[in-house]
Structures are given as C-alpha cells and as structure tokens.
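Input: a single structure, listed below in structure tokens.
The values are calculated or read from the model by the stated rules, or taken from the named source; none is laboratory data. Given the structure is predicted, the values throughout are model-derived calculations rather than measurements. Every residue, glycine among them, receives a Cβ derived from its backbone with ideal geometry; neighbour counts consider all protein chains shown.
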Amino acid sequence: MIVVVDYGMGNLRSVSKALESLGASVRVSSEPMAVAAADKLILPGVGAFPAAMRELSARKLVEPIKRFIASGKPYLGICLGLQLLFESSEEGEGAAGLGVLKGTVKRFAPAASRKIPHMGWNDVRRPGARDGCPLLRDVPDGSFVYFVHSYYAEPAERAVTALETDYGVRFAAMVCRDSLFATQFHPEKSQAIGLRLLKNFIALPMSNTSLGRG
C-alpha cells in the first residue's frame with residue numbers, strides 16, 4: 001500500500017489518480033498510524049514551507065515521517081515534499097525542516113531574465129556521468145518536466161543530487177539517496193516522463209536492500 005500524506009497542503013487527488021492509473025493501491029491519510037503502516041510513502045506539497053511544518057507538527061506527523069524514512073522503506077517527496085527534507089528554508093520566518101538531508105532551501109533571486117515563481121517545463125539532466133537512481137530507469141537525460149515553485153533546495157552534499165536543471169541558477173531538480181527520493185518538479189503533471197518515474201517508484205522493492213545508492 002502506498003500512503004499519500006494529507007496535511008492540508010498537497011495536490012492529493014492528482015497524485016493519487018496518477019498512481020491509480022498505473023495500477024497502484026493508494027490510500028490518502030493524515031493519520032500517523034497509517035504512515036507507520038505504509039509500504040511506501042509519498043509526501044506531496046503546494047504552499048509555504050513554514051505553514052507546512054506547522055501542519056505536519058499539528059497532525060503529529062513529523063516523527064512518523066522521519067521514522068518511516070529511517071526504516072529504509074521507499075519515500076517520494078514532491079515539490080514542497082522535497083524542500084521539507086532539508087534543515088531550513090529562507091521562506092517566511094525561516095522555519096526548520098525535517099532535517100533528513102543537510103542543506104537549505106533558498107528563494108530565486110529577482111532577475112529581469114526570469115519570472116518568479118518558476119512555472120512551466122524545463123529539461124533535467126543527470127549531473128556529470130552520474131547514474132544509478134532506480135526512479136530514473138528509462139528516463140532519458142534532457143527530458144522535460146513541469147515545475148511550479150519560487151524556492152529551490154541547495155543540498156550540502158552534492159552526491160544526493162540525481163537531476164539538475166537551470167533557471168538562472170543551477171539547482172537540484174531531484175534528490176536520491178538509498179530509498180529516499182524527491183522531485184522539485186511535479187511527476188503527476190509531467191505527462192509520460194512523470195508517469196514513468198511514478199511507475200518506477202511503484203515497482204521498487206519494499207525495503208532498501210535491493211536499491212542502488214543514488
């Protein structure tokens with residue numbers, strides 16, 4: 001069972017319908033016990049980082065999500081669900097995040113050459129010759145995916161970056177470490193490439209013992 005976490009800030013229906021269209025068994029829940037019992041977990045998100053952390057805390061979901069990730073079962077963060085993995089964000093009052101990954105979330109600097117938020121299709125590429133992230137099987141380098149965001153993550157450990165893109169600044173479009181995966185873009189809105197990535201997530205084994213390091 002894939003559990004999609006409901007904390008009042010996710011594009012839940014689009015994500016769950018995309019998964020169901022691929023044959024996955026999906027449950028949308030805000031219950032800590034459902035998170036603990038999940039085989040795989042997806043944390044979507046649209047909105048502000050500080051508000052998201054308040055909602056996760058109010059629903060007593062912070063520790064269950066962190067324990068789930070530590071268990072080695074597959075986790076997928078989408079958009080804000082990627083940013084929340086990091087230690088902190090520049091957004092709003094500068095809330096602390098889940099701290100699963102080292103690094104911070106930064107706002108795009110104003111520039112005449114780009115609009116904020118970053119909204120639309122961008123190509124994504126593996127950094128250098130790096131490969132091995134299982135969610136990227138059959139995803140060609142240079143594929144176009146759909147973004148909607150004003151902030152981007154800056155990992156302290158470059159090794160976790162599985163895909164990069166450029167919007168005036170080069171940033172991590174996807175992170176991958178063992179059974180932990182997260183995308184700044186929206187797979188559920190990225191047509192065939194996004195569905196391929198979700199299909200690869202569905203096909204993952206239930207633990208990290210068979211997964212390559214990203």
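Being of a type in the set (A, V, I, L, M, F, W, C) and touching a Gly at 6+ places or on another chain (Cβ under 6 Å) is the filter here, so list the residues in the range 53-84 that pass it.
Residues of the range 53-84 of a type in the set (A, V, I, L, M, F, W, C): 53, 56, 58, 61-62, 65, 68-70, 76, 78-80, 82, 84.
The answer is 79, 80, 84.
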Next on the checklist: Taking the criterion of being buried (at least 17 other Cβ atoms within 10 Å of the Cβ), touching an Asp or Glu at 6+ places or on another chain (Cβ under 7 Å) and not acidic (Asp, Glu), would at least one residue in the range 62-83 satisfy it?
Outcome noted: yes
Item to check | One residue from 192, 129, 159 being surrounded by fewer than 20 Cβ atoms within 10 Å (Cβ to Cβ), at pLDDT 95 or above and outside any strand (DSSP E or B) | outcome: 192
Next on the checklist: Among the residues of the range 138-149, what is the count of those that are assigned to a loop (DSSP other than H, G, I, E, B) and either touching a strand residue (DSSP E or B) at 6+ places or on another chain (Cβ under 6 Å) or closer than 14 Å to residue 187 by Cα (or both)?
Outcome noted: 3
Item to check | the range 19-52, residues that are in a helix (DSSP H, G or I), hydrophobic (A, V, I, L, M, F, W, C) and modelled with pLDDT of 95 or more | outcome: 19, 33, 34, 35, 36, 37
Checklist outcome for this item: The number of residues in the range 17-63 that are touching a residue at least 60 places away in the same chain (Cβ under 8 Å), within 14 Å of residue 98 (Cα to Cα) and polar (S, T, N, Q) is 0
Checklist entry - Name the residues in the range 99-109 that are in contact with a Lys or Arg (Cβ under 8 Å, 6 or more places away or on another chain) and within 21 Å of residue 148 (Cβ to Cβ), would you? => result 108
Next on the checklist: Which residue is nearest to residue 66 (Cα to Cα), if the candidates are limited to the range 83-126 and must be of a type in the set (A, V, I, L, M) and in a strand (DSSP E or B)?
Outcome noted: 96
Checklist entry - With 23, 45 as the choices, which residue is more than 17 Å from the chain's Cα centre (by Cα) and either of a type in the set (S, T, N, Q) or closer than 23 Å to residue 197 by Cα (or both)? => result 23
Checklist entry - How many residues are closer than 16 Å to residue 187 by Cα, in a loop (DSSP other than H, G, I, E, B) and touching a Leu at 6+ places or on another chain (Cβ under 8 Å) if we restrict to the range 4-18? => result 1
Checklist entry - Pairs under 6 Å by beta carbon, first residue closer than 22 Å to residue 84 by Cα and in contact (Cβ under 8 Å) with a residue 12 or more places away in the chain in the range 182-202, partner of a type in the set (S, T, N, Q) and surrounded by fewer than 20 Cβ atoms within 10 Å (Cβ to Cβ), six or more apart or different chains? => result 188/14
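Can you spot a residue in the range 6-16 that is among the hydrophobic types (A, V, I, L, M, F, W, C) and out of contact with any Asp or Glu (no Cβ under 8 Å at 6 or more places or on another chain)?
Just the residues of the range 6-16 that are among the hydrophobic types (A, V, I, L, M, F, W, C), to begin with: 9, 12, 15.
Still in the list and also out of contact with any Asp or Glu (no Cβ under 8 Å at 6 or more places or on another chain): none.
Checking the range 6-16: not a single residue is among the hydrophobic types (A, V, I, L, M, F, W, C) and out of contact with any Asp or Glu (no Cβ under 8 Å at 6 or more places or on another chain).
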Checklist outcome for this item: Checking 93, 87 in turn, the sole residue that is loosely packed, with under 13 Cβ neighbours inside 10 Å and within 15 Å of residue 151 (Cβ to Cβ) turns out to be 93
